[in-house]
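Structure record follows, encoded as structure tokens.
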Amino acid sequence: MKRFLLLFVCFLMTQFGSYGQYDASPQLIDSLLNVLQKSPIDSSRTPILVNLWRAHINRDIDKAFGYANQLIDLGKKLDNVPIQHTGYQRMGIAYSYIDDYPSSNNYYRKAMELSEKAQEYSSTAAMQINIAINHSIMSQHDSTLFYANKSMENFAKEQDSTGIAACYNVIAGMHFSKGAYRLSLENNLKAMDIYERYDDRNSLKDAMRGISRNYLKMRDTTNAINYLLQLEQMNRQDNDKHGIIASLTNLGNIYLTKKDSLETAKKQFDESWELSQSMKYPLGQINTLFGLGRYYQLKGDFPEAKTYFNRSLFLADSIGQTVNVVANQIHVAEIATEENALDEGTSWAQKALSLATENELLENQARANQLLSEIAHKQKKEGLALTYFKEYKTLNDSIYNIENGQRLSELQTIYETEKKEAEIALQTEEINTLNEKAKVDKLTKGLYAGGMASALALSGLLVFGFRQRMKKNRIAREKQEEIYKQEIAHKKKELASQTLHLVQKNTFIQELMENLESIKNSPEKFKMEFRRIVMLLKKENASDKDWEVFKTYFAEVHNDFDQKLKTLYPDISEKEIRLAAFLRMNLTTKEIAATLNVLPDSILKSKYRLKKKLELDKETDLVSFLNSL
């Protein structure tokens with residue numbers, strides 16, 4: 001009976017291929033349940049429970065949770081680690097399906113702990129990469145990088161190159177979301193190289209999509225087009241129609257940016273439209289209709305353009321594609337403004353602004369405000385035009401500052417990576433030098449020992465033992481120094497991050513005060529400004545402990561800088577120590593003012609008073625003196 005059940009389960013498992021990875025027909029589910037009822041309480045139940053979990057994960061999540069729990073209980077009852085591991089893994093996946101990523105990670109970690117105890121590096125790496133992906137979705141970039149690197153180490157132990165490539169892709173996605181497009185590109189290229197060597201075609205296409213996306217963000221349309229054309233060709237060879245549609249629409253959108261390539265763009269969109277219709281693929285239809293709308297808008301055929309934008313808008317709204325809805329609304333508003341249908345333009349722009357604000361789409365918010373300012377200006381409503389323009393400028397400056405912050409962060413990461421690589425190269429060179437010296441020492445010792453009398457043999461051994469102990473002590477010391485260097489490097493990074501946070505927090509407070517003042521002076525702007533303040537508060541959760549955290553990191557990096565100051569100058573105040581710390585960090589007067597929420601003039605006066613308290617003469621530079629402590 002048991003043999004029959006196992007054979008039947010194997011047959012059922014083969015049937016899942018025709019229904020997709022996570023799906024099954026009602027008849028197949030009934031068959032699985034029937035087999036489960038008749039199966040003994042042993043490991044033969046595992047594939048049945050797994051397939052029941054698969055069958056329900058997309059249609060009844062509560063039942064999927066139930067089958068994952070049954071797997072965990074079965075594993076514990078049988079003291080079977082692999083079954084228990086499978087249950088934890090399936091539970092982790094199920095929680096990710098309902099966007100509960102902390103709970104998902106909790107179960108992935110339980111599975112990971114079992115793998116680590118059994119020294120199963122591949123399954124450990126698989127759980128780590130799942131955790132990294134969850135952190136990436138939650139925009140927890142440091143944790144994403146940490147777990148992706150850990151996963152890469154374990155995949156390397158198993159010499160699993162495609163696993164390593166998957167880690168590169170996750171890291172690439174993390175850098176992309178941070179706006180570090182060069183670093184994202186580098187990791188996508190590393191992944192692509194591995195996938196090419198191992199002929200992993202689907203993963204290769206994913207890496208190439210990432211590469212083309214990064215080139216687009218870096219405004220390198222030539223390379224972006226090259227990779228998209230390669231992707232299109234591969235998708236045609238694989239008869240991957242969804243992939244062909246994506247390649248065609250992406251290419252069409254790039255060609256729209258080139259005045260001499262508008263007709264080429266039209267051809268891409270026309271083919272994409274035919275495929276999207278034949279596939280009954282709504283997202284492909286939405287993107288293609290939007291592209292055709294832009295084509296006719298650029299050609300100056302506004303009635304035709306509006307037709308396509310409205311069709312795209314209707315489809316996007318019907319399946320809840322908010323970003324596409326807003327984009328179409330803005331383009332319809334642009335056309336109405338061009339045609340001097342100002343009331344219609346205002347209506348569409350306000351709809352776009354409301355939806356963009358609700359979903360925190362900054363670029364769309366900025367464009368909607370800009371359009372509303374243009375319309376108000378045409379209507380001779382100069383006060384209203386100025387209000388919308390100020391809002392546009394504020395949003396545009398925010399976007400600019402975010403992009404600058406992303407570029408600065410990327411440069412810092414690149415600098416730290418290159419510095420680390422240089423240190424590793426230097427250590428390698430030192431190790432090689434020591435090895436060469438050891439060879440020479442060994443040869444010298446051999447020649448010396450051969451010519452010595454046997455009476456000196458014991459003495460020679462003692463000397464050799466002493467040198468070996470010295471060598472071991474030196475290696476241990478060097479290891480400890482390296483650990484210390486890494487800790488200091490980490491603390492420096494945390495200190496820089498904490499400093500930036502302090503600056504940003506106080507800039508936020510200042511902006512909030514300005515918004516409140518604006519509401520006070522202009523009650524008619526209450527609704528708009530109130531919504532903006534709420535959005536700002538959502539993004540910022542300042543803590544009273546910021547300064548204490550900063551001070552802790554600063555003391556660890558700069559050898560108890562504050563204690564030194566207190567020892568040398570017992571009457572120095574906490575505020576003066578704080579100012580000295582910021583000066584030691586090479587912050588500008590403006591940055592310190594923003595951090596402490598005071599005027600720059602106040603900082604200049606404080607610097608003068610600090611220099612006086614430290615009893616420094618006019619010729620001595622305050623910052624240089626603080627750096628010498």
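Quick note: the coordinates plus some simple rules give every number you see, no bench work behind them. Here the structure is a predicted model, which is why all the values come from computation and not from measurement. FYI the Cβ positions are ideal-geometry reconstructions off the backbone, even for glycines, and counts take in every protein chain you see.
General remarks:
- Pair Leu78, Ser347: separation of 7 Å Cα→Cβ label points (nm): 6.6 nm
- Ranked for footprinting exposure by Cβ neighbours inside 10 Å, fewest first, Asp206, Asp397, Asp193 give Asp397, Asp193, Asp206.
- Label-point separation, Asp193 to Gln379 (7 Å along Cα→Cβ), nm: 5.8 nm
- The label point for Thr589 and the one for Leu629, both projected 7 Å from the Cα toward the Cβ, are 2.1 nm apart.
- Positive minus negative residues near Asp220 (Lys, Arg vs Asp, Glu; Cβ under 12 Å): +4
- Protection-proxy order for peptides 105-111, 613-619, each taking the mean of Cβ atoms within 10 Å per residue, highest first: 105-111, 613-619
- Here the mean projected area of the convex hull built on the C-alpha positions of the stretch 321-403 is 5.0 nm².
- Neighbour counts of other Cβ atoms within 10 Å put Ile330, Ile225, Ile98 in the fewest-to-most order Ile98, Ile225, Ile330.
- Within-10-Å neighbourhood charge of Phe302 [Cβ basis; K, R +1; D, E -1]: -3
- Net charge contributed by nearby residues that have their C-beta within less than 13 Å of Ser122 (K/R +1, D/E -1): -4
- Counting other Cβ atoms within 10 Å as a rough exposure proxy, the listed residues Val35, Val326 run Val35, Val326 from fewest neighbours to most.
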